Amino acid sequence: MKDFTISISDLEQGKRQAVRKSLHTIHGKSDEGPIVIRPFRSGELGWVSWRHCVLYREEYGFDDTFEYYLLAGMAQFIHEPGDRGQVWVVDCGGTVVGAISIVEISSETGQLRWFILEPGFRGLGLGKRLMETALAYCRERGMTRVFLWTVSELLAARRLYEINGFEMTETKNHFIWGREITEERWDLEL
């Protein structure tokens, strides 16, 4: 079978604009509309996984096995019925540029997961706002503790955890996601 190729420059003007707008949206480059933190919508966990994989490969050298780790947790989150937690996204003009989640481990315990911001949106206070949103959810649900796993190299995230009262309680050094990594568990008593 022959490869299928279309040259965007061969498309009529309206179709060219629609394709470029779509590519613009897919790649998270939007300067339209307000920046809003809201609950995720169907399909957006795919974005969260994709951007984690791309950014963690580029910034920390993670390999493709990291994707399985992300997708397995997300599939379990989606599959399990009932109140199991929440995912919030940062929406900029209809483009997702960040996320955070709480996965309910039990009625007393939540796990903070899938915390990410596109590089161009870092340093705007959005990480702080995402953290406040996630912890407020835990308090509203009556949880008494929250924990997370991270890696030692995520310095800005670690500072945010410390500011919010999390304490490192465990470390593991091992080969995972294509390299030697120090994983850290952080806990917060609410």
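The values are calculated or read from the model by the stated rules, or taken from the named source; none is laboratory data. Keep in mind that what you see is a predicted model, and the values were worked out from it rather than measured. Neighbour counts run over all protein chains shown; Cβ positions are idealised from the backbone, glycine included. Accessible surface is based on the protein model in full, side chains and every heavy atom, while ligands, DNA and RNA are left aside. Shrake-Rupley method; radii C 1.70, N 1.55, O 1.52, S 1.80 Å.
The table that follows gives values for the structure above.
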item: Mean-position separation - Cα centroids, the stretch 135-190 and the stretch 60-133, in angstrom; result: 13 Å
item: The stretch 47-190, accessible surface, carbon-and-sulfur percent (1.4 angstrom probe); result: 50 percent
item: Residue-level accessible surface for residue 187, protein heavy atoms, 1.4 Å, Å²; result: 30 Å²
item: Per residue accessible area of the stretch 90-190, 1.4 Å probe, in Å²; result: 47 Å²
item: Solvent-accessible surface (1.4 angstrom probe) belonging to residue 67, in square angstrom, nearest 10; result: 80 Å²
item: Rounded to the nearest 10 Å², the accessible area of residue 92 at probe 1.4 Å; result: 10 Å²
item: As computed over the stretch 111-170, the Cα convex hull volume per residue (Å³); result: 87 Å³
item: Efficiency of FRET from Cβ geometry, residue 84 and residue 180, R₀ 35 Å, rounded to 0.05; result: 0.60
item: Largest to smallest accessible area among 163, 35 [probe 1.4 Å]; result: 163, 35
item: For the stretch 45-55, Karplus couplings with θ = phi - 60° (6.51, -1.76, 1.60), whole Hz, Gly/Pro x; result: 5, x, 4, 4, 5, 4, 5, 4, 4, 5, 5
